[in-house]
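A quick write-up on the structure given underneath.
Bear in mind these aren't lab numbers, they're just calculated from the coordinates by the rules spelled out. Being a predicted model, the structure only gives us computed values, none of them experimental. Glycine also receives a Cβ, built like all others from the backbone with ideal geometry; neighbour counts cover every protein chain displayed.
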Amino acid sequence: MSNAPYVPPKVWKNEAPSGGSFASINRPVAGPTHEKVLPVGKQPFQLYSLATPNGIKVTILLEELLALGHSAAEYDAWLIRIGEGDQFSSGFVEINPNSKIPALLDRSVEPAVRVFESGSILLYLAEKFGELLPTDPAGRTETLNWLFWQMGAAPYLGGGFGHFYAYAPEKIEYAINRFAMEAKRQLDVLERRLGESKYLAGDSYTIADIAVWSWYGQLALGTLYSAAEFLAVEEYPHVQRWAKEIAERPAVIRGKRVNRTWGDEATQVPERHSAADLD
């Protein structure tokens, strides 16, 4: 193995395997790799997902809506095994051309509406049911501020810190230090906000809390990347308070189980087609 420093070529080409946990599904082009029709159930919403931080945002919100009495929020949750490339099927790409989970199909309207990108799905459902999104301009804007903060910040936590700390084929000191610093800065942003407010947008629990908790709440509770000690998450008591409170919500507990295929078998509900599946 050469110790010579890497010099980027004039034009990058995909000529060598990247290595790491997701090397088999990484590629520099979009579009489907195989033909497959997605399954469709009887519920108004068809969700195609996996219980990653982005995936549980949607199942948590759907369970919260059902808990609020919105029976029209019933859903079928179909498992998409991203490690096996299910997200590159022709059926999935038709709903989400970006081939990322979660993807949602609203069949309660005609024609059916596709919704992709987790933040877009949260906003779509909150507006459709009039829940967990304030209607006053200031409250709505503050909620969207934090929702979009998560969309912009989490790639540094996931694709940045998480990748190089947990999934990269080799530990690179510069990359881990760079993204650990950013992850801690982001935790400090949340710590300062939650030191002055019960929830991110104010006194009420909103879709912003669902979105941010799915990444940063789980990080603070030690269930993301096993990095709690490395990032010294105990240094953020207000984040800890907020994370623990949300983790105890029954809808959050249920939503985390949906499309989950790892860990304690009691926490796994690979597919969900009715409330009885979570009993």
Inset, instruction - Mind checking segment 52-118 for trypsin sites (Lys or Arg not before Pro) that DSSP puts in a loop (not H, G, I, E or B) and that have at most 13 other Cβ atoms within 10 Å? - result: Arg81
Inset, instruction - For segment 236-249, take each phi angle, set θ = phi - 60°, evaluate the Karplus expression 6.51 cos²θ - 1.76 cosθ + 1.60, and give the result in whole Hz per residue in order, putting x for glycine and proline. - result: 10, x, 6, 5, 4, 4, 5, 5, 5, 4, 5, 4, 8, 5
Inset, instruction - Would you work out the relative contact order for segment 193-236, in percent, from Cα pairs under 8 angstrom that are 6 or more residues apart? - result: 18 percent
Inset, instruction - Return the distance in nm (one decimal) between the two label points of a simple spin-label model at Ala72 and Ala30, each offset 7 Å from Cα along Cα→Cβ. - result: 3.1 nm
Inset, instruction - For the chain, set up a Gaussian network in which alpha carbons nearer than 10 Å are linked by springs, and say which option among Val258, Val115, Val29 fluctuates the most. - result: Val29
Legend entry - For segment 45-132, the fraction of alpha-carbon pairs in successive 5 Å shells from zero, as %: 3, 15, 28, 27, 17, 7, 3, 0
Legend entry - Peptide ranges 11-24, 184-197 listed from the most packed, as the mean C-beta count within 10 angstrom indicates: 184-197, 11-24
Inset, instruction - In whole Hz, with x marking every Gly and Pro, tabulate ³J(HN,Hα) for segment 172-178 from phi via Karplus 6.51 cos²θ - 1.76 cosθ + 1.60, θ = phi - 60°. - result: 10, 4, 4, 5, 5, 4, 4
Inset, instruction - Before rounding to the nearest 500, sum -39500 (n - 2.57) across all DSSP H runs of length at least 4 in the chain and divide by the residue total; then give [θ] at 222 nm in deg cm²/dmol. - result: -11000 deg cm²/dmol
Legend entry - In segment 208-260, the chymotrypsin sites (Phe, Trp or Tyr not before Pro) that fall in loop regions by DSSP, at most 14 other Cβ within 10 Å: Phe230
Legend entry - Rg/Rh for segment 137-247, where both radii come from Cα atoms and Rh is the Kirkwood radius: 0.98
Inset, instruction - Mind checking which aspartates and glutamates have their Cα closer than 16 Å to the Cα of Lys42? Skip sequence neighbours fewer than 8 apart in that chain. - result: Glu74, Asp76, Asp106, Glu110, Glu271, Asp277
Legend entry - Radius of gyration and maximum dimension Dmax of the chain, Cα, Å: 19.5, 63
